[in-house]
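Notes follow once the structure below has been shown.
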């Protein structure tokens, strides 16, 4: 369903699934693929994409081309926009600020994700159990709980995990790392002052 509102000389097309507005029907059609999962543009490696330009960007992975280099460190990038975003690390510039809490970000996409904390928006839903998430990466990681997929392997033993954080926590078994300060057991008398 497409809603079209007239405002001055602009036509706005609104997504019925999430309410996001677009200035053209074609932009709305591309956006709808986020909800339907349709990926009409495919690479020879098997990955699918919602937009042709995203496929073209992806194909640079196979060629290894990274023509945009940082003048302050050895990092290189496939696109100028990624270089510009990276350079904010060196400058400390965080131009995107939350109007509700003041937290700032280097990238607009990170502000967009952050705002979901305040709004409670969870636009990514699991098809199998209905659980919803504020980030697509969380949905992808959650999806592995419904399958036997465990792409994160421990280099020290045979254990495998469905997300990188679980592997990171597991590696502490092998390294002995204890990142949290332990104060031991508190004396019984110390609790009485809080009762």
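Just so you know, all these numbers are worked out from the coordinates, no wet-lab data involved. Keep in mind that this is a model prediction, so the values were computed, not measured. Using ideal geometry, Cβ is built from the backbone for each residue, glycine included, and neighbour counts are taken over all protein chains shown.
Per-residue ellipticity at 222 nm computed for the chain from its helices equals -11000 deg cm²/dmol, with DSSP H segments shorter than 4 residues left out and the rest contributing -39,500 (n - 2.57).
Here the simple spin-label model places points 7 Å from the Cα toward Cβ, and for residue 73 and residue 16 these points are separated by 4.7 nm. Against the chain, whose longest principal axis is taken from its Cα atoms, helix 80-91 shows a tilt of about 40°. With Cα atoms defining each centre, region 148-164 and region 44-61 are spaced 27 Å apart in the structure. Within region 120-141, name every residue whose backbone N is under 17 Å away from a label modeled 7 Å from Cα of residue 98 along the Cβ vector. Within reach of a label on residue 98, which here means backbone N under 17 Å from a point 7 Å along Cα→Cβ, region 120-141 contributes 120-123, 134-136. Angle check, please: helix 25-36 long axis (alpha carbons) against the longest principal axis of the chain (alpha carbons), in degrees 0 to 90, nearest 10. Helix 25-36 sits roughly 30 degrees off the main axis of the chain.
When only C-alpha pairs under 8 Å and at least 6 residues apart count, what is the relative contact order of the chain, in percent? In percent, rounded to a whole number, it is 6.
Specify whether the C-alpha gyration tensor of region 64-143 places it in the rounded, prolate or oblate class, a ≥ b ≥ c being the square roots of the eigenvalues: rounded for a/c under 1.5, otherwise prolate if a/b is larger than b/c and oblate if not.
oblate
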